[in-house]
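For reference, the structure is listed below as structure tokens.
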Amino acid sequence: MLVKTKAIVISSLKYQEKSLIVKCLTLSDGLKSYFVPNAFAAKKSNQKIAYFQPLTILEIEANHKNKGTLEHFKEIKLAHAYQTISSDILKSTIVMFLSEIIQHSIHEEEKNEPLFLFLESALLWLDAHEDVANFHLILVLEMTKFLGFYPDTSDKEYPYFEKNEGVFIPLQSISCLNEQETHLFKRLLDLKFDSEQKIFAGVERQILLKILLSYYTIHLDGFKNPKSLEVLKEVFA
């Protein structure tokens with residue numbers, strides 16, 4: 001079936017000498033993997049390597065056979081040409097990290113239009129703004145709304161966050177954040193992308209990142225910490 005849709009590049013893997021296998025989150029069909037032959041060929045092609053950088057937003061036309069095999073692009077163009085992400089080391093590191101988070105979080109080939117639209121708008125916000133120190137924390141937390149395990153904030157006044165059930169409770173158990181960590185987590189829950197970026201010190205961001213990755217590990221089977229985690233820590237140090 002010939003499909004025209006937007007797609008966000010999640011990962012690309014070199015195959016043999018000249019080809020790529022590209023995984024995308026599509027607006028029309030959710031997660032899809034594509035085979036790109038001769039991606040590294042010297043001759044000009046409409047399937048340029050630059051299109052397949054992490055979290056690039058594309059407009060694609062593709063043949064979807066929907067048989068669990070690799071699909072094929074027919075036409076590709078940029079849906080949005082980023083102005084700052086590729087040239088800003090902080091933003092490009094954030095994007096590399098987030099692409100791994102998404103890759104380890106989404107496994108089913110099913111349409112998730114709200115998630116796609118959220119990621120698209122968030123990436124455009126990242127590209128357009130300078131103060132982005134908390135962007136990755138907010139996005140990783142907000143993604144849990146679409147993945148099904150956003151924290152229940154109905155008892156947010158309680159001093160401990162219990163990670164297994166995703167709730168706030170009055171007495172600390174072994175699966176809880178301590179009181180200081182819970183306080184930090186509550187502050188993160190209140191943040192939006194446009195919020196004051198200096199609300200957290202560097203060490204507090206590290207604590208929050210550790211909390212979020214632990215929370216994902218509990219709620220997503222097979223979730224792995226991104227390889228780019230250490231690079232991200234260095235950039236934010």
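A compact table of results
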item	result
Qualifying residue in region 83-105 (condition: more than 20 Å from Asn225 (Cβ to Cβ) and among the small types (Gly, Ala, Ser))	yes
Leading residue by the ranking (farthest from Asn38 (Cα to Cα)) among those in region 87-109 that are open to solvent by 70 Å² or more (accessible area, probe 1.4 Å) and over 16 Å from the mean Cα position of the chain (by Cα)	Ile89
Filter result (assigned to a helix (DSSP H, G or I), open to solvent by 40 Å² or more (accessible area, probe 1.4 Å) and at pLDDT below 95) within region 161-203	Lys198, Ile199, Val203
Phe146 within 21 Å of Thr84 (Cβ to Cβ), without any contact (Cβ under 8 Å) to a residue 60 or more places away in the chain, outside any loop (DSSP other than H, G, I, E, B) and under 13 Å from the mean Cα position of the chain (by Cα)	no
Selection within region 52-73 - farther than 29 Å from Trp125 by Cα and either at pLDDT below 90 or of a type outside the set (A, V, I, L, M, F, W, C) (or both)	Asn63, His64, Lys65, Asn66, Lys67, Gly68, Thr69, Glu71, His72
Residue match in region 39-51 (condition: among the hydrophobic types (A, V, I, L, M, F, W, C), at pLDDT 90 or above and open to solvent by less than 40 Å² (accessible area, probe 1.4 Å))	no
Boolean, Lys4 is modelled with pLDDT of 95 or more, more than 20 Å from the chain's Cα centre (by Cα), open to solvent by 30 Å² or more (accessible area, probe 1.4 Å) and charged (D, E, K, R)	yes
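Residue by residue, here is whether (1) among the hydrophobic types (A, V, I, L, M, F, W, C); (2) in contact with a strand residue (DSSP E or B) (Cβ under 7 Å, 6 or more places away or on another chain) holds:
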position: Ala7; (1), (2): yes, yes
position: Glu17; (1), (2): no, no
position: Thr26; (1), (2): no, yes
position: Ser33; (1), (2): no, yes
position: Ala39; (1), (2): yes, yes
position: Asn63; (1), (2): no, yes
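The values are calculated or read from the model by the stated rules, or taken from the named source; none is laboratory data. Given the structure is predicted, the values throughout are model-derived calculations rather than measurements. When we count neighbours, we look across all protein chains shown, and the Cβ atoms used for this are built from the backbone with ideal geometry, even at glycine. For accessibility, only protein heavy atoms count, side chains too; no ligands or nucleic acids. Shrake-Rupley method; radii C 1.70, N 1.55, O 1.52, S 1.80 Å.
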